[in-house]
1. Under 10 Å, Cα contacts only: if you run a Gaussian network model on the chain, which one of 189, 139, 91 comes out with the highest mean-square fluctuation?
2. Taking the Kirkwood radius as the inverse of the mean 1/r across Cα pairs, report the Rg/Rh of segment 191-259.
3. Of the beta bridges DSSP finds with both residues in the chain, what % are antiparallel, to the nearest 5?
4. Output the Cα-based Rg and Dmax of the chain in Å, rounding Rg to one decimal and Dmax to a whole number.
5. With the crude spin-label approximation of a point 7 Å out along Cα→Cβ, what separation in nm comes out for residue 95 versus residue 8?
6. So how many Å³ per residue does the convex hull of the Cα atoms of segment 139-191 work out to?
7. With the convex hull built on the Cα atoms of segment 107-155, state its orientation-averaged projected area in nm².
8. Pick from 19, 132, 242: which residue has the top mean-square fluctuation in a GNM of the chain where Cα pairs under 10 Å get a spring?
Ligand code: 5FU
């Protein structure tokens, strides 16, 4: 099954071009670390990425928390992505009717479709949300990571909801980069990426419901790309910490593919 397959082999079977690129970058840079840059200043984000860019395969943003968001920031972000060879994930968690999501994706202040390689999406509203993203015209390749589970305490996602989410994704193989989840929700398509947030070495949770696992644990649970936010971003030396997470994660993955 996919847990024993190396990333370069999985790239070969990905039907979504972003999943293919992501697996290829991971294999080339030998990193499955995604940094979540949850900072509110564009300068802070760019400075942080200058330091950690070479150690990550993916950069996850929440652009709506940036107080000085501007098009120059987007240009610089794209330049860093090219310089360090990482992809951009906007963690927008779309959750509305298709027509609204199509507008939220391509219009407004952020024009997410113009720069994000992939976005996160809730399955809650039904298939229309995927239909909308699939048909929104965009000059670039795009991908969707569907929320099949969440890391937060007391979240209302049930096993049936998770299963129905996996079934929904099967109808859009070219659009789907993968799933955001805590466990291996499917083994059917090794070309899909399992992205797992809620990882930190320091502590088991925060005081607003976030639950953390260790890097080793989430890789065992099927994570392909692992999201670390405050574990790196709020540390004294983000670069040292990024290298630490990268090394533990890569070692855990290497152990996994050995069987
Ligand atoms: F879908 C999810 C989820 O289930 N849990 C999450 O924590 C997304 N996240 C995001 O990952 C969340 O919005 C943060 O941006 C990030 C985790 O940040 P942390 O600082 O590592 O807790």
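Laboratory data are not the source of any read-out in this text; all were calculated from the coordinates shown. Here the structure is a predicted model, which means the values were calculated and not measured. All Cβ positions, glycine included, derive from the backbone under ideal geometry; neighbour counts span all protein chains shown.
1. 139
2. 0.98
3. Among the beta bridges of the chain, antiparallel pairing accounts for roughly 5 percent.
4. 16.9, 47
5. Computed distance between label sites residue 95 and residue 8 equals 4.1 nm.
6. Considering the Cα atoms of segment 139-191, their hull volume per residue is 91 Å³.
7. Across all orientations, segment 107-155 yields a mean hull projection of 4.4 nm².
8. 132
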